[in-house]
Amino acid sequence: MISSVYEEQQARVARIYREAAADYDQIGPAFYAANGARLVARVGVVAGEIVLDAGCGRGACLFPVAEAVMPGGRVVGVDLSPEMVGLTRADAERRGLAGVTVEVGDAQAPDFPAGTFDVVVSGFVLRLLPDPAAALRSYARLLKPGGRFGATIYASTFGPEWEPVRGALESFMAPATTRPPAVELDPAGRLAELMAEAGFGQVDVADEPFDIWLDGPDEWWRYMWASGYRGMMDRIPADRREEARRVVCEAAEVLRAADGRLLLPQTVRYARGVQNGS
């Protein structure tokens, strides 16, 4: 029996991403893969390093890390969803990537000895965790002295022009059943403070826009189920999902650009820091 809020939230996240695993980041533009590559470049992963990808999903950070650490390095990805792990492990084998390990694990508290890694990365995971501050402390512990940490989170989603669509979508949603994270990650300065408190120096947090272009409302609807938005979509009762799709896609029709596509504007927050140990 689930006995704590932490375990309940873990179970819900595991279920959602188990259901999303096959299509995750496979519909529309590869948003997570593009931002994973950007994050790896910002952190400056180099050949020979040992890297942890906390909450590796379908490999958005894992795969660019694997390429960056060769020759001589290795990367370990952990994810709560066995389905994500299985698919990502198979993808790594198909790509012929050496030095890659993917295993089921808790992204908030990865089970490795202190000082194991040169770099820890985490792509769009911190907001999913019950206690992001505890996760940051875990990552600092797992790093070697002077090791680097990098993360991405959503800074903003949907633009103001999407508010009518979002309102229509939320009208179909059941109330949230999980508690928000134990600490807030907004504004950008708050995340920087949490990183400093966790033991990181040279902290840099910056927001950058990232536009997602989709073919139209139907692709947008499918994208919402195959991305981090699935946690929100999961709140639509199963017997109302077809009605919701029809109503919400109709509301989104007015947002089509001249070429018929839809623009879903996002802002991505990039954070990086250096472990303060000596």
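The values are calculated or read from the model by the stated rules, or taken from the named source; none is laboratory data. This is a predicted model, so every value here is computed, not measured. Counting neighbours? That spans all protein chains shown, and the Cβs are built from the backbone with ideal geometry, glycine included.
Would you check which residues across the range 61-82 are part of a loop (DSSP other than H, G, I, E, B), within 20 Å of Leu136 (Cβ to Cβ) and either of a type in the set (S, T, N, Q) or at pLDDT 95 or above (or both) and list them?
Within the range 61-82, the subset part of a loop (DSSP other than H, G, I, E, B) is 61, 70-73, 80-81.
So of that shortlist, the ones also within 20 Å of Leu136 (Cβ to Cβ) come out as 61, 80.
Matches in the range 61-82: Cys61 only.
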Q: Collect the residues in the range 142-178 that are touching a residue at least 60 places away in the same chain (Cβ under 8 Å) and among the charged types (D, E, K, R), keeping them in residue-number order.
A: Lys144, Arg148, Glu161
Q: Return the only residue of Ala98, Ala107, Ala133 being surrounded by fewer than 24 Cβ atoms within 10 Å (Cβ to Cβ) and either at pLDDT 95 or above or in a strand (DSSP E or B) (or both).
A: Ala133
Q | Single residue of Ala226, Ala271, Ala257, Ala244 found to be surrounded by 17 or more Cβ atoms within 10 Å (Cβ to Cβ) and touching a strand residue (DSSP E or B) at 6+ places or on another chain (Cβ under 7 Å) | A | Ala271
(Q) Can you tell me which condition Tyr139 does not meet? The list is (1) part of a helix (DSSP H, G or I); (2) without any contact (Cβ under 8 Å) to a residue 60 or more places away in the chain, and all the others hold. (A) (2)
Q) For Ala206, which of the numbered conditions (1) in contact with a Phe, Trp or Tyr (Cβ under 7 Å, 6 or more places away or on another chain); (2) among the aliphatic types (A, V, I, L, M); (3) surrounded by 15 or more Cβ atoms within 10 Å (Cβ to Cβ) fails to hold? A) (3)
Q: Find the residue count for the range 64-82, including only residues that are crowded, with 24+ Cβ neighbours inside 10 Å, free of Cβ contacts under 8 Å to residues at least 40 places away in the same chain and within 16 Å of the chain's Cα centre (by Cα).
A: 1
Q. Residue check: is Ala140 at negative phi and touching a Phe, Trp or Tyr at 6+ places or on another chain (Cβ under 8 Å)?
A. yes
Q: Return the only residue of Pro265, Pro181 being surrounded by 14 or more Cβ atoms within 10 Å (Cβ to Cβ) and either on the phi > 0 side of the Ramachandran plot or not in a loop (DSSP other than H, G, I, E, B) (or both).
A: Pro265
